[in-house]
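As structure tokens, the structure follows; a few thoughts come after it.
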Amino acid sequence: MDRCIVLVDAGYLLGAAASLLAGEPSRSRITVDHTALIQGLRERAESDTERPLLRIYWFDGAPDRVPQPEHRRLRVMPRVTVRLGALTRSDGRWAQKGVDAAMHAELTELARNRACSDIVLVTGDGDLLPGMMAAKEHGVAVHLWAVQAADGDYNQSEDLVAEADERRVLDRTWITKAVRTKDLGGICAPPPVPRPEIAAILSAPLPESAHRPAAERSVEEEHAPAATVSENGTQERVPATAPKAGVPTPKDLAALRAPGVQQPAQPPQTATLRWSSDKGWVDRPGGAAEPPEVASMPTLAQLTTAEQRWADREEDITTVGGDPYEVGQVFARRWMERLGDPSHLQKLSGMYPRVPHRIDGELLRYAARFGLLAHKDDQIDEHDRYAIRAGFWREIDVRTAAEHASAGE
């Protein structure tokens with residue numbers, strides 16, 4: 001068949017691009033405009049082979065082979081098929097498993113079935129040498145593409161280079177049409193507007209106990225409560241010195257309410273909870289339970305119909321980029337648009353900077369769909385959590401400001 005097929009080892013392509021642009025092969029250092037990248041691969045393949053494109057196969061690894069946001073966006077693009085191997089962690093490093101075998105099987109099967117006349121391989125792994133040789137024996141021309149090496153040398157197997165029928169290099173100029181380093185402004189789009197609220201969050205002071213010198217902590221430990229024996233024979237903890245006054249955290253209050261813990265006769269009247277926010281550490285009245293009007297506030301899932309849920313997933317796959325700040329904005333916009341009772345929005349605005357517990361949990365679970373858990377031990381990074389909530393509150397502020405402006409007219 002007079003047509004071409006492109007097989008892309010995403011680990012090689014994006015890792016080599018990161019090395020070229022950011023100086024290290026970590027894909028977390030770059031952002032990718034996948035639409036521009038796929039279009040560039042298609043145009044380059046059709047130009048080099050002088051054949052129309054049949055399909056681009058995108059081979060990549062994913063934890064438990066679960067598609068990540070970029071894979072979901074890629075597999076709905078025209079003429080793109082995604083094949084996933086496993087992504088496993090060993091000795092603190094992530095490694096792909098099964099990607100090379102999948103590429104080898106696809107390469108030999110396409111050649112054996114004469115599905116195309118030309119195959120473009122974007123890879124550097126010498127394990128594909130037997131597959132390349134088998135494809136040539138079936139009369140397929142094999143084009144090997146390399147990403148320009150950061151050190152000016154080869155970043156491909158020499159045997160693979162020697163066996164290819166044609167070889168091309170994707171240079172820095174071509175790569176930067178679709179790939180940018182995060183340090184240089186992010187994704188291939190206009191630079192994001194400054195976000196002073198996120199900077200304020202990250203620069204907010206921590207509680208005193210969080211950054212006390214080790215020497216001070218050791219002195220306090222020396223004066224820790226000592227064990228004594230009571231009249232009934234049980235051990236009790238008697239403080240050697242008066243406890244140091246401070247602001248109890250939610251964890252402290254929960255410990256006081258634990259079964260078997262002696263409750264103070266008179267709780268301190270000045271006890272407050274502290275909530276981190278972009279205004280620093282904000283004091284809130286104590287109490288673990290949320291007020292009834294907050295507990296009754298509907299979640300996004302409760303406000304969403306089956307048709308809306310389908311449309312949301314389509315939007316997430318095709319248009320939402322996965323930036324933490326953007327994720328928070330999208331979630332807040334959907335929640336506000338579906339609220340039947342506007343009083344809930346007013347109540348929420350008055351709770352700033354604290355997001356109600358149920359809504360906050362739903363927000364973070366939604367953010368996890370965009371790969372923010374990947375490569376982070378299944379926990380969202382602290383900076384990402386701040387950005388998610390900052391985006392949520394920014395969207396709330398914009399909506400409430402617009403409503404106040406319209407009411408004043």
Each label point is 7 Å from the Cα along the Cα-to-Cβ direction; what then is the distance between the points at Ser349 and Gln39, in nm?
4.0
More than 24 angstrom separation, counting every C-alpha pair in the stretch 4-191; what % is that?
35
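To the nearest 0.05, what FRET efficiency results for Ser90 and Asn113 with a Förster distance of 60 Å applied to their C-beta separation? Could the numbers behind the result be given before it?
Values: r = 36 Å, r/R0 = 0.60.
According to the calculation, E is roughly 0.95.
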Surrounding net charge for Gly11, when Lys and Arg each add one and Asp and Glu each subtract one, Cβ distance under 10 Å:
-3
Return the distance in nm (one decimal) between the two label points of a simple spin-label model at Glu382 and Ala401, each offset 7 Å from Cα along Cα→Cβ.
2.9
Per-residue HN-Hα couplings for the stretch 170-176, Karplus 6.51 cos²θ - 1.76 cosθ + 1.60 at θ = phi - 60°, whole Hz, x for Gly and Pro?
8, 7, 4, 4, 5, 4, 6
Report, by chain and number, residues whose modeled amide H sits under 5 Å from the one on Arg3, excluding near sequence neighbours (fewer than 5 apart, same chain).
Ser117, Asp118
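Using the 10 angstrom Cβ neighbour count as an exposure proxy, how do Ser296, Ser117 rank, fewest first? Could the numbers behind the result be given before it?
Details: Ser296 10, Ser117 17.
Taking fewest neighbouring Cβ atoms as first place, the list is Ser296, Ser117.
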Extension length gain for Ala162 and Ala149 (0.36 nm per residue less Cα distance), in nm, is 2.9 nm
Applying the Karplus parametrisation 6.51 cos²θ - 1.76 cosθ + 1.60 with θ = phi - 60° to the phi angles of the stretch 24-29, what ³J(HN,Hα) value in whole Hz is obtained for each residue in order, glycine and proline being reported as x?
8, x, 6, 5, 5, 8
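For Val82, what charge total do you get from the other residues with a beta carbon under 9 Å from its beta carbon, if Lys and Arg give +1 and Asp and Glu give -1? Don't skip to the answer; put the middle values down first.
Numbers: positive: Arg72, Arg75, Arg83; negative: Asp60.
Within the 9 Å Cβ shell, the charges total +2.
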Counting pairs of Cα atoms in the stretch 292-408, how many percent are more than 23 Å apart?
30
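Would you tally the net charge around Leu170, using a Cβ to Cβ cut-off of less than 14 Å, leaving Leu170 out, and scoring K and R as +1, D and E as -1? Display every interim value, and only then the final one.
Working: positive: Arg42, Arg44, Arg167, Arg168, Arg172, Lys177; negative: Asp9, Glu43, Asp48, Glu166, Asp171.
Local charge sum for Leu170: +1.
Only the coordinates and a few stated rules stand behind these numbers; no lab work does. All values derive from a computational prediction rather than experimental measurement. Ideal geometry is used to build each Cβ from the backbone, glycine not excepted, and the neighbour counts take in all protein chains shown.
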